[in-house]
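Reviewing the structure listed below.
The values are calculated or read from the model by the stated rules, or taken from the named source; none is laboratory data. Model, not experiment: these values are computed from the prediction. No Cβ is skipped: glycine too gets one built from the backbone with ideal geometry, and neighbour counts run over all protein chains shown.
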Amino acid sequence: MVATEQSGEKEASTLRQEHAALQEQNRLLQTEVISLRQQAHYHRTQHQRAVQRAQELEAQVGVLKAKVAGLQQRLFGRKSERVSRASPSGAAGEESGIGRRARGQQPGSAGHGRKLRKKLPVVETVLDLCEQQKRCPRCGLVWAVAEKPVHKPGMWGTYMDAVYPGKAIIEGGQTSTGSVIAWFKRNFAPDTSFEELNAAASALEPGAEGLVVLDHFQGNRTPYTDAASRGAITGLTLKHTASHVFRAIMESICLGTRLIIDSFGEAFSAKRIVVAGGATNSPLWLQIHADTIGVPLELTEVPDAPALGCAILAAYGTGRFATIEEGCKAMVRRHTIIEPDRRRTQLYEREVYPRYGALYGALKSVRDVR
């Protein structure tokens, strides 16, 4: 009898403990449910606030779009009036002063007022070689202003009315310019200054004693539009030094610029080139550019072309000048002219440029081997 009572009390104690544990577990679950409900309420509130804020921002964007549209309408309306005043005849296809200068004619000369040829757009004679950054520009840009749209493989644009109302911007570019030079100095001549590298490279003849570099270290933009193309240093021998490689890299970038100009074909005939940005810091680089292309280079008093261009367009947009050309004449001042050396130009034309031009196809055939 005593054993039976003890067994019953033990079982009851066990049941009480289980009941207490279940009660504690239930309390914890209720606490968690309350916490989850609070979190859900918080997130719902945050979502509602986010939706409300998004609606407010959309409304603000709509207002700003309306303002921008109004300003554009006012701006281009004023520009159209100025263009009409500058060209009273308004004849479709009549050639502007820029186009006449591109063909070597002056207003009033024979051929003045003739209409544009259908297959040959006339392009502004000034080619901007825009290479940014203070010391080593990372990429190169070649652009020109055309009277009509121009479309060719590897050419970027045509951008109608992007800068000039009623005219087109054509563009070509290089993905690696100063970035290749910076890569070379950082890895192979870290203790040599640019001044020392320039001086040693200046003492070498064009062609760097047989070295030819392909400047596609980040692919090619113009004229091949090939992101998979890669750079190469060819013709290396044991006699070559860091100065040879340095000059060959500079030559490859300049020859790449020459190739872009040639790729414009009939759309462009360079008479002179205006250089801006980081390239203006290296006399050697400028001279190689002039020698490889074979035309004079012009440096302006303000080498920062984007800033000067913005100032010219702003002055035109506010009515300070009747035309963009008038603003350019007033605000762009020639500082220095670098003439090409005829002997070196002929050497590049005869020996180095053909080898450079053959590199892309030759290396692509190797790359395509499977």
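Could you check the stretch 220-247 and list, in sequence order, the residues that are basic (K, R) and within 24 Å of R367 (Cβ to Cβ)?
R221, R230
Identify the residue in the stretch 280-303 that is polar (S, T, N, Q) and not in a loop (DSSP other than H, G, I, E, B) and, among all such residues, is nearest to D262 (Cα to Cα).
Within the stretch 280-303, the match that is nearest to D262 (Cα to Cα) is T292.
Just to verify a result, which residue in the stretch 266-322, among those that are over 26 Å from D161 (Cα atoms) and among the β-branched types (V, I, T), is surrounded by the most Cβ atoms within 10 Å (Cβ to Cβ)?
The extreme case among them is T292.
Go through the stretch 193-209 and give me each residue that's in contact (Cβ under 8 Å) with a residue 60 or more places away in the chain and closer than 16 Å to G235 by Cα. Spell out how you get there, then give the answer.
First pass over the stretch 193-209, keeping only residues in contact (Cβ under 8 Å) with a residue 60 or more places away in the chain: 194, 198, 201-202, 205-207.
Hits for the stretch 193-209 are E205, P206, G207.
Please state which of the following conditions Y164 fails to meet, knowing it meets all the rest: (1) of a type in the set (F, W, Y); (2) at pLDDT 80 or above; (3) surrounded by 19 or more Cβ atoms within 10 Å (Cβ to Cβ).
Going through the list (1) of a type in the set (F, W, Y); (2) at pLDDT 80 or above; (3) surrounded by 19 or more Cβ atoms within 10 Å (Cβ to Cβ), Y164 breaks only (2).
Would you call T225 surrounded by fewer than 21 Cβ atoms within 10 Å (Cβ to Cβ), at positive phi and touching a residue at least 24 places away in the same chain (Cβ under 8 Å)? Before the answer, list the steps.
Numbers: surrounded by fewer than 21 Cβ atoms within 10 Å (Cβ to Cβ): yes; at positive phi: yes; touching a residue at least 24 places away in the same chain (Cβ under 8 Å): yes.
It is true that T225 is surrounded by fewer than 21 Cβ atoms within 10 Å (Cβ to Cβ), at positive phi and touching a residue at least 24 places away in the same chain (Cβ under 8 Å).
Scan A201, A232 and give me the residue that is assigned by TED's automatic domain parsing to the domain that holds I261, touching a helix residue (DSSP H, G or I) at 6+ places or on another chain (Cβ under 7 Å), at pLDDT 95 or above and buried (at least 21 other Cβ atoms within 10 Å of the Cβ).
Going through A201, A232 in turn, just one is assigned by TED's automatic domain parsing to the domain that holds I261, touching a helix residue (DSSP H, G or I) at 6+ places or on another chain (Cβ under 7 Å), at pLDDT 95 or above and buried (at least 21 other Cβ atoms within 10 Å of the Cβ): A201.
What's the total number of residues in the stretch 304-348 that are under 26 Å from the mean Cα position of the chain (by Cα) and not in a helix (DSSP H, G or I)?
8
Each row is one residue, and each column tells you yes or no for (1) at pLDDT 95 or above; (2) under 17 Å from I288 (Cα atoms).
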| site | (1), (2) |
| --- | --- |
| G327 | no, no |
| V332 | no, no |
| Y353 | yes, yes |
| A358 | yes, no |
| R370 | no, no |
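Suppose we filter the stretch 323-339 for residues that are crowded, with 17+ Cβ neighbours inside 10 Å and either within 24 Å of I249 (Cβ to Cβ) or not hydroxyl-bearing (S, T, Y) (or both); how many remain?
Within the stretch 323-339, residues that are crowded, with 17+ Cβ neighbours inside 10 Å and either within 24 Å of I249 (Cβ to Cβ) or not hydroxyl-bearing (S, T, Y) (or both) number 7.
Yes/no per residue for (1) in a strand (DSSP E or B); (2) farther than 20 Å from E325 by Cα; (3) in contact with a strand residue (DSSP E or B) (Cβ under 6 Å, 6 or more places away or on another chain):
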position	(1), (2), (3)
H151	no, yes, no
Y159	yes, no, yes
P165	no, no, no
P190	no, yes, no
E195	no, yes, no
A201	no, yes, no
V213	yes, yes, yes
Y224	no, yes, no
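Take the conditions at pLDDT below 95 and in the same structural domain as Y360 (by TED's automatic domain parsing) and apply them to G157. Does it pass?
Spelling it out, G157 is indeed at pLDDT below 95 and in the same structural domain as Y360 (by TED's automatic domain parsing).
Quick one: which of R370, R272 is farther than 20 Å from G210 by Cα and free of Cβ contacts under 8 Å to residues at least 24 places away in the same chain?
R370
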